[in-house]
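Here the structure comes first, spelled out in structure tokens, and everything after it is commentary.
Read-outs: derived from the displayed coordinates by stated rules, not from any lab. In this text, all values refer to a predicted model and were calculated from it rather than measured experimentally. Here the Cβ is made from the backbone with ideal geometry for all residues, glycine too, and neighbour counts use every protein chain on show.
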Amino acid sequence: APAPVTVTVTGAAGQIGYALLFRIASGAMLGPDVRVKLNLLEIPQAAQAAEGTLLELQDCAFPLLAGMEVFEDPVKAFDGANIAMLVGARPRGPGMERADLLKANGGIFSVQGQAINAGAAADFKAVVVGNPANTNALIAAAHARDVPASRFTAMTRLDHDRAVAQLAAKTGAPVSAISNLAIWGNHSASQYPDITHATVSGQPATELVDQGWIADEFIPRVAKRGAEIIAVRGGSSAASAANAAIEHMRLWVQGTPAGDWTSMAVPSDGSYGVPAGIVSSFPVTTSGGDYTIVPDLAISEFSRARIDASVAELLAERDAVAELGLF
Ligand code: NAI
């Protein structure tokens, strides 16, 4: 049997971690034939809770689970890692300034980038979930000098799935009938969920909904869905975020279906006027473990303005972390 794939999950004792680990171990991410070894990275205060999760993972008797361990040292946790799910991050505390938040997370992701550089496997792939996800991915990549920056991505698949679900609800179509929807920009309220290329059962989505709904209901609903979940549920998105992280990595490893794409925040190659290097969401296709930004899409004036606004926010975040010496 081939060697198990080592998957490092940071923030393993958090709420997303709890919703994520069992599904990875069950085969939902890498398929029913791939054995996995789970490396759980936590801070010392939460390591014991992560040990508790290991007991429960053991009690599932997952046939694909080839090993599991809790680490407090990033160098050990990323040693031999093929895949990293970078979930652990510092949340914004009461009265915390944006610069403090960027600084706290910059500290986490620079250390993890160095640890990845020291020992990750040659086929290493990372998805950053912890916020500010795009900028955290930028920082981690900058500190992993020997790993191609393209291997550091950030998650906008939750936004993508939220957008698919809203378009399905509006048109009365099943979610499976919707394809070619895209998220552009930052995983933040400035993101641009774009249905100009989307189809619903093969019909252009823009023929089924009007511009007023797109601008005044759809985009803000998707962009502010995280806040809506907090208001209604009394806690931030966890299972849906874990599901999206699995989808992000599943599609990257296993490939996007013919005729469709996914949304991933990836280091820009300058496509669509997004400055090279910043980690911005694009529609991408994947095959053989590589991804390609979908080329040559027509961008409407409306789309252009939305993409530019979100990219401007990403550039401001990059400049802020550069000022802090993190990038
Ligand atoms: P949580 O607070 O329940 O868990 C975070 C965990 O990370 C904690 O157990 C904490 O001990 C751990 N942690 C903190 N620093 C760490 C470090 N240096 N190394 C390893 N572990 C560390 O938070 P939750 O709900 O699981 O969310 C995690 C992150 O995901 C947050 O930043 C949240 O904003 C983000 N998020 C991103 C989404 C996206 O679409 N990109 C969607 C939902 C959440």
The chain, Gaussian network, Cα under 10 Å: of A99, A198, A231, the residue fluctuating most is A231
Which ³J(HN,Hα) values in Hz, rounded to whole numbers, follow from the phi angles of the range 234-240 under the Karplus curve 6.51 cos²θ - 1.76 cosθ + 1.60, where θ = phi - 60° and Gly and Pro get x? x, x, 7, 3, 10, 5, 5
Run the simple label-point estimate for V175 and A118 please: 7 Å along Cα→C-beta, distance reported in nm. 4.0 nm
Which residue, G273, G202, G11, tops the fluctuation ranking in a GNM of the chain built on C-alpha contacts under 10 Å? G202
In whole angstrom, how far apart do the alpha carbon centroids of the range 67-106 and the range 254-327 sit? 23 Å
Lysines whose Cα lies under 29 Å from that of K224, excluding same-chain neighbours fewer than 8 positions away: K103, K125, K170
Please work out how much length the chain gains when fully extended from D146 to D308, using 0.36 nm per residue of separation minus the C-alpha to C-alpha distance, in nm with one decimal. 55.2 nm
Taking only C-alpha pairs under 8 Å that are 6+ residues apart, what is the relative contact order of the range 157-317 in percent? 26 percent
Which residue, E69, E317, E301, has the most motion in a Gaussian network model of the chain that connects Cα atoms within less than 10 Å? E301
Enumerate the calculated ³J(HN,Hα) couplings along the range 164-178 in order (Karplus 6.51 cos²θ - 1.76 cosθ + 1.60, θ = phi - 60°), each rounded to whole Hz, writing x wherever the residue is Gly or Pro. 4, 5, 5, 5, 5, 5, 5, 8, x, 8, x, 4, 5, 7, 9
What's the Cα-based Rg to Rh of the chain, Rh via Kirkwood? 0.95
Scaled to the compact-protein estimate 2.2 N^0.38 Å, what is the alpha-carbon radius of gyration of the range 1-152, rounded to two decimal places? 1.01
The local net charge around A47, scoring Lys/Arg +1 and Asp/Glu -1 for residues other than A47 whose Cβ lies under 13 Å from its Cβ, equals -4
Enumerate the amide H contacts of I178 below 5 Å, restricted to partners 5 or more residues apart or on another chain; note that Pro and chain-start residues carry no placed amide H. S201
The answer for the net charge of residues other than G67 whose Cβ lies under 12 angstrom from its Cβ, with Lys and Arg +1 and Asp and Glu -1, is +1
Segment A239-D33, length gained on full extension (0.36 nm per residue, minus Cα span): 71.8 nm
Starting from the Cα of E97, step 7 Å along the direction of its Cβ; do the same at S271; then give the gap between the two resulting points in nm. 3.7 nm
